[in-house]
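Peer 1: I have a structure here, written as structure tokens, and I will follow up with some questions on it.
The values are calculated or read from the model by the stated rules, or taken from the named source; none is laboratory data. It should be emphasised that the depicted structure is a prediction, and the values quoted were computed from it without experimental measurement. Positions of Cβ are generated from backbone atoms using ideal geometry, with glycine treated the same way; all protein chains shown enter the neighbour counts.
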Amino acid sequence: MSTDPRSRAWVEVNPLALCRNLERIREAVGRGVRVAPLVKADAYGVGLEAAVGALEPAGPWGYGVATVPEGIRVRATGVTRPVLVLSPAPPGVAGDAVASRLTLCVSDLQSVRELVEAADRLGTDAAFHLEVDTGMGRSGFDWRSVAEWGPEVEKLAHGHVRWEGMFTHFHSADEPDPGSLGVQGARFDGVVKALGGLGGSGRLLHLSNSAAALRRPDLARALVRPGIFLYGGRAGHGLPTPEPVVAVRARVVLVRDVPGGTTLGYGATYSSSRVERWATVGIGYGDGLPRALGNRGAALVAGVRVPIIGRISMDLTVVDITDLPSRRIEVGTEVTLIGADGGEQISLDEVAADAGTISYEILTGLTSRLPRILAEPIPGEGG
Ligand SMILES: Cc1ncc(COP(=O)(O)O)c(C=O)c1O
């Protein structure tokens, strides 16, 4: 894929791979189950508008975001489908949510009251989904006290406001032992049963993230909420590998031959052991390349895997190209930090493991310095 030769670094996004990953989730859970792809955090760093543009033709039920401003961004693309705001909203934003026809997710009675007040004030119909905490602990009504909050929520949801859905979130769907999924699923079922007399069973029920959708399709119910798998990150141990969606590339900005004993980077943590050829690449932790990859990670240059040497700086990273004497590496040569080049590949999950983190953090950490470029399908990357 060629891009503006003046770009020092960029993110390539493969929209067809994103759609194919969505199809694999659909295949796993069955066509009768609806999907709400998550596009929060700028679509996991991929770019919200690009992701929505790619996913719209696939006809999802709706989208999931974390915040009201993110939901407004989805609406600004022209999407009219439901948009779920999954995280508890701070006080004072219900009016904005109602005005943009966003579906708030509530975890306490005060949020329901605020929503009712905003909908009545604006004279606009609004729907909400109620989160049930079955063990995640960070949000949701406690599954153990449904007898207390169930009737209260039912009383509050009237007039303009409809209690449309109910969901929970798994804490360990990515773990090899899926036992906790069954436990949380049973707690959720208990809540639905307890609410039966209040019309609980007629609501849109959803539990599953990517890992749960793939590991336990039987738990999917009406709707699933996949995120990371769509964007090319592995959802968990023993689960299928998605197609890569994102490549991170940068250009060589300097090539130097250095004598043995030359120190490199902050802290001088690397020193050449012989005459070496170093390529300085125009990307650093200010672009979201994890600093933890210093002296540890790798890059692809002319289709060959080479080590990142020294500490990564804010704007620059150095790779050792001594072993590529026959290749013409010069200023402007493309370097791949994540993705494929020739037959070689550095996967998102490999980078995450090298950096001691998860693929989610790598993707969402790619900063706005890197333009997102829609790529043609990349040979060798499922395209
Ligand atoms: C409530 C909720 N549902 C679904 C997801 C999607 O999870 P994943 O990206 O693991 O598929 C998330 C992710 O953080 C979430 O917070």
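Peer 1: Residue pairs, Cβ under 6 Å, 6 or more apart or interchain, first in region 354-367 and touching a residue at least 12 places away in the same chain (Cβ under 8 Å), second in a helix (DSSP H, G or I) and β-branched (V, I, T). List them.
Peer 2: Qualifying pairs under 6 Å: I362/V351.
Peer 1: Within the group A41, A66, A76, A58, which residue is surrounded by fewer than 22 Cβ atoms within 10 Å (Cβ to Cβ), over 18 Å from I373 (Cα atoms) and in contact with a Ser or Thr (Cβ under 8 Å, 6 or more places away or on another chain)?
Peer 2: Among A41, A66, A76, A58, only A66 is surrounded by fewer than 22 Cβ atoms within 10 Å (Cβ to Cβ), over 18 Å from I373 (Cα atoms) and in contact with a Ser or Thr (Cβ under 8 Å, 6 or more places away or on another chain).
Peer 1: Only residues that are in a loop (DSSP other than H, G, I, E, B) and more than 10 Å from the ligand (Cβ to nearest atom): list them for region 220-233, please. Write out each step before concluding.
Peer 2: The first filter runs over region 220-233 and keeps only residues in a loop (DSSP other than H, G, I, E, B), leaving 220-222, 225-233.
Correct list: A220, R221, A222, G232.
Peer 1: Take the residues of region 23-50 that are part of a helix (DSSP H, G or I) and more than 13 Å from the ligand (Cβ to nearest atom): which is nearest to L230 (Cα to Cα)?
Peer 2: Looking only at region 23-50, we keep the residues that are part of a helix (DSSP H, G or I), and these are 23-29, 40-44, 48-50.
Remaining after also requiring more than 13 Å from the ligand (Cβ to nearest atom): 23, 26-27, 42, 48-50.
Numbers: E23: 9, R26: 11, E27: 13, D42: 14, L48: 13, E49: 15, A50: 13 Å.
The extreme case among them is E23.
Peer 1: Just the residues that are of a type in the set (A, V, I, L, M, F, W, C) and surrounded by fewer than 19 Cβ atoms within 10 Å (Cβ to Cβ), please, taken from region 110-148.
Peer 2: Once the filter is applied, which keeps residues that are of a type in the set (A, V, I, L, M, F, W, C) and surrounded by fewer than 19 Cβ atoms within 10 Å (Cβ to Cβ), region 110-148 yields L122, M136, A147.
Peer 1: Give the residue, chosen from L219, L230, L205, L264, that is surrounded by 19 or more Cβ atoms within 10 Å (Cβ to Cβ), over 27 Å from A17 (Cβ atoms), in contact with a helix residue (DSSP H, G or I) (Cβ under 8 Å, 6 or more places away or on another chain) and not small (G, A, S).
Peer 2: Only one candidate qualifies: L205.
Peer 1: Do any residues in region 84-97 that are within 19 Å of L205 (Cβ to Cβ) and part of a loop (DSSP other than H, G, I, E, B) have Cβ atoms under 9 Å from those of residues that are of a type in the set (D, E) and within 16 Å of the ligand (Cβ to nearest atom), where the two are at least six apart or on different chains, and which pairs are they?
Peer 2: Note: pairs meeting the criteria are L86/E131.
Peer 1: Let me ask something else. Among the strands (runs of 3 or more DSSP E) confined wholly to region 99-214, which include 2 or more residues that are more than 16 Å from the ligand (Cβ to nearest atom)?
Peer 2: It comes to 126-133, 161-167.
Peer 1: Considering only region 265-272, I want to know if a residue exists there that is under 30 Å from D4 (Cα atoms) and in the same structural domain as G286 (by TED's automatic domain parsing).
Peer 2: yes
Peer 1: Now for a separate question. Does G95 count as surrounded by fewer than 20 Cβ atoms within 10 Å (Cβ to Cβ), over 28 Å from G53 (Cα atoms) and more than 20 Å from the chain's Cα centre (by Cα)?
Peer 2: Working: surrounded by fewer than 20 Cβ atoms within 10 Å (Cβ to Cβ): yes; over 28 Å from G53 (Cα atoms): no; more than 20 Å from the chain's Cα centre (by Cα): yes.
No; evaluated as a whole, the condition is false for this residue.
Peer 1: Inside region 291-359, counting only strands (runs of 3 or more DSSP E) that do not spill past its ends, which hold 3 or more residues that are closer than 16 Å to R251 by Cβ and touching a Leu at 6+ places or on another chain (Cβ under 6 Å)? Before you say what the answer is, go through the steps one by one.
Peer 2: On the way: elements: 298-301, 304-309, 317-320, 334-341, 344-346.
Answer list for region 291-359: 334-341.
Peer 1: While we're looking at this one, here's another question. Any chance region 116-134 includes a residue that's modelled with pLDDT of 95 or more, closer than 21 Å to V68 by Cβ and polar (S, T, N, Q)?
Peer 2: Yes: one or more hits.
Peer 1: So, in region 234-259, of the ones that are surrounded by fewer than 20 Cβ atoms within 10 Å (Cβ to Cβ) and more than 18 Å from the chain's Cα centre (by Cα), which residue ends up nearest to the ligand (Cβ to nearest atom)?
Peer 2: G238
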